[in-house]
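The values are calculated or read from the model by the stated rules, or taken from the named source; none is laboratory data. Please read these numbers as outputs of a predicted model, since none were measured by experiment. Note that each Cβ is placed from the backbone with ideal geometry, even for glycine, and that neighbours are counted across all protein chains shown. Surface accessibility is based on the protein's heavy atoms, side chains included, excluding ligands, DNA and RNA. Shrake-Rupley method; radii C 1.70, N 1.55, O 1.52, S 1.80 Å.
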Amino acid sequence: MTTPYFFVEEHQILTALFEEGLEILHLRKPDTEPVYSERLLMLIPEQYRKRIVVHDHFYLKSEYGLKGVHLNSRNSQLPPKYKGSISCSCHTIEEVMQHKKACDYVFLSPIFDSISKDDYPAHFSQNELKDYSKRKIIDRKVMALGGVGYDNIKQLKDLGFGGAVLLGDIWNRFNMHTDNDYREIINHFRRLRKLAE
(Lines give C-alpha, C1' and ligand atoms only; values in the text may rest on other atoms or scores of the structure.)
Protein backbone atom coordinates (compact mmCIF):
# COMPACT_ATOMS: atom_id res chain seq x y z
CA MET A 1 0.00 0.00 0.00
CA THR A 2 1.22 3.50 -0.76
CA THR A 3 1.97 6.09 1.86
CA PRO A 4 -0.94 8.52 2.40
CA TYR A 5 1.19 11.36 0.98
CA PHE A 6 2.95 11.92 -2.34
CA PHE A 7 6.70 12.37 -2.73
CA VAL A 8 9.16 12.89 -5.60
CA GLU A 9 10.69 9.42 -5.95
CA GLU A 10 7.40 7.56 -5.42
CA HIS A 11 6.78 6.49 -9.02
CA GLN A 12 10.37 5.19 -9.31
CA ILE A 13 10.05 3.10 -6.15
CA LEU A 14 6.64 1.74 -7.13
CA THR A 15 7.88 0.82 -10.61
CA ALA A 16 10.92 -0.92 -9.10
CA LEU A 17 8.65 -2.85 -6.72
CA PHE A 18 6.49 -3.99 -9.64
CA GLU A 19 9.65 -5.08 -11.45
CA GLU A 20 10.59 -7.11 -8.35
CA GLY A 21 7.25 -8.94 -8.42
CA LEU A 22 4.80 -6.76 -6.48
CA GLU A 23 1.47 -8.38 -7.35
CA ILE A 24 -0.99 -5.63 -6.42
CA LEU A 25 -0.50 -2.03 -5.35
CA HIS A 26 -3.18 -0.27 -3.34
CA LEU A 27 -3.13 3.46 -4.12
CA ARG A 28 -4.38 5.04 -0.91
CA LYS A 29 -4.11 8.83 -0.70
CA PRO A 30 -6.94 10.02 1.55
CA ASP A 31 -7.88 13.70 1.53
CA THR A 32 -5.81 14.50 -1.57
CA GLU A 33 -6.79 16.08 -4.85
CA PRO A 34 -7.27 13.55 -7.67
CA VAL A 35 -4.89 15.43 -9.98
CA TYR A 36 -1.94 14.21 -7.87
CA SER A 37 -3.05 10.58 -8.19
CA GLU A 38 -3.46 11.10 -11.93
CA ARG A 39 0.07 12.46 -12.17
CA LEU A 40 1.47 9.49 -10.23
CA LEU A 41 -0.43 7.00 -12.41
CA MET A 42 0.85 8.64 -15.58
CA LEU A 43 4.43 8.18 -14.33
CA ILE A 44 3.95 4.45 -13.69
CA PRO A 45 4.48 2.31 -16.83
CA GLU A 46 1.21 1.29 -18.42
CA GLN A 47 1.85 -2.46 -18.09
CA TYR A 48 1.75 -2.14 -14.27
CA ARG A 49 -1.41 -0.06 -14.00
CA LYS A 50 -3.65 -3.13 -14.35
CA ARG A 51 -2.21 -4.23 -10.98
CA ILE A 52 -3.27 -1.06 -9.12
CA VAL A 53 -6.37 -0.74 -6.91
CA VAL A 54 -7.63 2.71 -5.87
CA HIS A 55 -9.07 3.63 -2.48
CA ASP A 56 -10.27 7.08 -3.58
CA HIS A 57 -11.37 8.79 -6.81
CA PHE A 58 -12.88 5.63 -8.28
CA TYR A 59 -13.14 7.14 -11.78
CA LEU A 60 -9.38 6.56 -12.04
CA LYS A 61 -10.08 2.83 -12.40
CA SER A 62 -11.58 3.15 -15.88
CA GLU A 63 -9.59 6.24 -16.87
CA TYR A 64 -6.22 4.49 -16.38
CA GLY A 65 -7.16 0.83 -16.89
CA LEU A 66 -6.58 -0.09 -13.24
CA LYS A 67 -7.34 -3.41 -11.57
CA GLY A 68 -10.11 -2.26 -9.28
CA VAL A 69 -11.49 -0.28 -6.37
CA HIS A 70 -11.23 -0.71 -2.61
CA LEU A 71 -14.22 0.03 -0.40
CA ASN A 72 -13.69 1.55 3.04
CA SER A 73 -15.42 3.86 5.50
CA ARG A 74 -14.61 6.93 3.34
CA ASN A 75 -15.78 5.32 0.09
CA SER A 76 -18.26 2.56 0.83
CA GLN A 77 -20.31 2.46 -2.39
CA LEU A 78 -19.37 1.07 -5.78
CA PRO A 79 -19.76 3.39 -8.77
CA PRO A 80 -22.90 2.73 -10.87
CA LYS A 81 -22.53 -0.17 -13.35
CA TYR A 82 -19.06 -0.91 -11.97
CA LYS A 83 -17.10 -3.78 -13.50
CA GLY A 84 -13.76 -4.89 -12.09
CA SER A 85 -12.03 -6.13 -8.97
CA ILE A 86 -13.55 -5.23 -5.61
CA SER A 87 -11.77 -5.32 -2.28
CA CYS A 88 -12.82 -4.00 1.09
CA SER A 89 -11.46 -3.08 4.53
CA CYS A 90 -12.65 -5.17 7.47
CA HIS A 91 -11.86 -4.69 11.15
CA THR A 92 -13.93 -7.52 12.63
CA ILE A 93 -14.36 -11.15 11.73
CA GLU A 94 -18.09 -10.46 11.23
CA GLU A 95 -17.24 -7.91 8.53
CA VAL A 96 -15.00 -10.47 6.84
CA MET A 97 -17.85 -13.01 6.74
CA GLN A 98 -20.26 -10.33 5.50
CA HIS A 99 -18.08 -8.98 2.67
CA LYS A 100 -15.92 -11.89 1.56
CA LYS A 101 -18.46 -13.33 -0.91
CA ALA A 102 -19.07 -10.02 -2.70
CA CYS A 103 -15.39 -9.09 -2.91
CA ASP A 104 -12.42 -10.56 -4.72
CA TYR A 105 -10.56 -10.22 -1.41
CA VAL A 106 -10.75 -8.31 1.87
CA PHE A 107 -8.25 -6.71 4.24
CA LEU A 108 -8.45 -7.74 7.89
CA SER A 109 -6.75 -5.37 10.32
CA PRO A 110 -4.99 -4.75 12.58
CA ILE A 111 -3.43 -8.20 12.81
CA PHE A 112 -0.31 -7.04 14.68
CA ASP A 113 0.56 -3.77 16.43
CA SER A 114 0.77 -1.12 13.70
CA ILE A 115 4.16 0.02 12.48
CA SER A 116 2.88 3.16 10.72
CA LYS A 117 0.30 4.36 13.30
CA ASP A 118 0.90 5.08 16.97
CA ASP A 119 -1.53 3.59 19.49
CA TYR A 120 -3.03 1.14 16.98
CA PRO A 121 -2.57 -2.26 18.65
CA ALA A 122 -3.40 -5.71 17.31
CA HIS A 123 -7.13 -6.39 17.40
CA PHE A 124 -6.93 -10.19 17.48
CA SER A 125 -5.11 -12.66 19.71
CA GLN A 126 -3.04 -15.40 18.12
CA ASN A 127 -5.52 -17.97 19.47
CA GLU A 128 -8.39 -16.12 17.78
CA LEU A 129 -6.50 -16.05 14.48
CA LYS A 130 -5.76 -19.79 14.74
CA ASP A 131 -9.45 -20.44 15.40
CA TYR A 132 -10.54 -18.33 12.39
CA SER A 133 -8.03 -20.22 10.29
CA LYS A 134 -9.32 -23.63 11.44
CA ARG A 135 -12.88 -22.49 10.69
CA LYS A 136 -11.73 -21.38 7.18
CA ILE A 137 -12.79 -17.78 7.81
CA ILE A 138 -9.19 -16.81 7.18
CA ASP A 139 -8.38 -18.12 3.71
CA ARG A 140 -6.85 -17.03 0.40
CA LYS A 141 -9.41 -14.19 0.10
CA VAL A 142 -8.33 -12.55 3.37
CA MET A 143 -5.24 -10.30 3.36
CA ALA A 144 -3.50 -9.40 6.62
CA LEU A 145 -2.90 -5.71 7.34
CA GLY A 146 -1.40 -4.00 10.35
CA GLY A 147 2.11 -4.45 11.67
CA VAL A 148 3.04 -6.88 8.90
CA GLY A 149 6.79 -7.21 8.39
CA TYR A 150 9.79 -9.46 8.15
CA ASP A 151 9.38 -10.90 11.65
CA ASN A 152 5.81 -12.14 11.19
CA ILE A 153 5.12 -12.64 7.48
CA LYS A 154 5.78 -16.39 7.64
CA GLN A 155 3.29 -16.65 10.50
CA LEU A 156 0.59 -15.18 8.24
CA LYS A 157 1.28 -17.83 5.62
CA ASP A 158 0.99 -20.55 8.27
CA LEU A 159 -2.37 -19.11 9.37
CA GLY A 160 -3.68 -19.38 5.80
CA PHE A 161 -3.94 -15.70 4.88
CA GLY A 162 -4.06 -15.12 1.13
CA GLY A 163 -1.47 -12.38 1.34
CA ALA A 164 0.02 -9.55 3.33
CA VAL A 165 -0.44 -5.81 2.99
CA LEU A 166 2.79 -3.92 3.62
CA LEU A 167 2.90 -0.31 4.70
CA GLY A 168 5.14 0.83 7.56
CA ASP A 169 7.62 -2.05 7.19
CA ILE A 170 8.41 -0.89 3.65
CA TRP A 171 8.00 2.90 3.78
CA ASN A 172 9.81 3.43 7.10
CA ARG A 173 12.99 2.43 5.24
CA PHE A 174 12.91 5.62 3.17
CA ASN A 175 12.89 9.22 4.37
CA MET A 176 11.32 11.33 1.65
CA HIS A 177 13.00 14.47 3.02
CA THR A 178 16.59 13.23 3.09
CA ASP A 179 16.91 10.02 1.02
CA ASN A 180 17.20 9.65 -2.72
CA ASP A 181 18.56 6.09 -2.73
CA TYR A 182 15.76 3.58 -2.30
CA ARG A 183 17.80 0.37 -2.62
CA GLU A 184 17.06 -0.54 1.00
CA ILE A 185 13.31 -0.70 0.21
CA ILE A 186 13.92 -2.93 -2.82
CA ASN A 187 16.35 -5.22 -1.00
CA HIS A 188 13.93 -5.54 1.93
CA PHE A 189 11.07 -6.35 -0.44
CA ARG A 190 13.20 -9.12 -2.00
CA ARG A 191 13.82 -10.63 1.45
CA LEU A 192 10.10 -10.47 2.25
CA ARG A 193 9.19 -12.20 -1.01
CA LYS A 194 11.60 -15.05 -0.30
CA LEU A 195 10.10 -15.53 3.15
CA ALA A 196 6.55 -15.56 1.76
CA GLU A 197 7.28 -18.14 -0.95
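Values as computed for the structure displayed
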quantity	calculated
Ranked order, Met97, Met176, Met42 - accessible area, probe 1.4 Å, largest first	Met42, Met97, Met176
Helical mean residue ellipticity (222 nm; -39500 (n - 2.57) per DSSP H run of 4+; nearest 500) of the chain	-9500 deg cm²/dmol
Low-density loop cleavage sites - GluC sites (Glu not before Pro) in segment 20-104, where at most 10 other Cβ are within 10 Å (DSSP)	Glu23
Kirkwood hydrodynamic radius of the chain, Cα pairs, Å	17.3 Å
Positive-end extreme of charge dipole, the chain - chosen from Met97, Gln155, Val8 (charges on Cβ)	Met97
Charge dipole (segment 1-104, unit charges on Cβ, about Cα centre) - positive-most of Leu25, Ile52, Gly65	Gly65
Within segment 123-197: Cβ-based charge dipole about Cα centre, in debye rounded to nearest 20 (Lys, Arg +1; Asp, Glu -1)	420 debye
Alpha-carbon centroids, segment 1-75 and segment 142-197: separation in whole Å	18 Å
Neighbour-limited loop hits for trypsin sites (Lys or Arg not before Pro), segment 91-155 (at most 14 other Cβ within 10 Å; DSSP other than H, G, I, E, B)	Lys101, Lys117, Arg135, Lys136, Arg140
With every protein chain in place, segment 39-99: carbon and sulfur % of accessible area (1.4 Å)	51 percent
Surface per residue (accessible, 1.4 Å probe) for the chain, Å²	55 Å²
Of Lys100/Lys194; Lys67/Lys136; Lys130/Lys154, those spanning more than 24 Å from alpha-carbon to alpha-carbon	Lys100/Lys194; Lys67/Lys136
Loop sites in segment 136-197: chymotrypsin sites (Phe, Trp or Tyr not before Pro), DSSP, at most 14 other Cβ within 10 Å	Tyr150
Fraction of accessible area attributable to carbon and sulfur, segment 135-188 (%, probe 1.4 Å)	44 percent
Cβ charges +1 (Lys, Arg) and -1 (Asp, Glu), total dipole of segment 1-123, debye	620 debye
Calculated over segment 1-64: convex hull of Cα atoms, volume per residue (Å³)	75 Å³
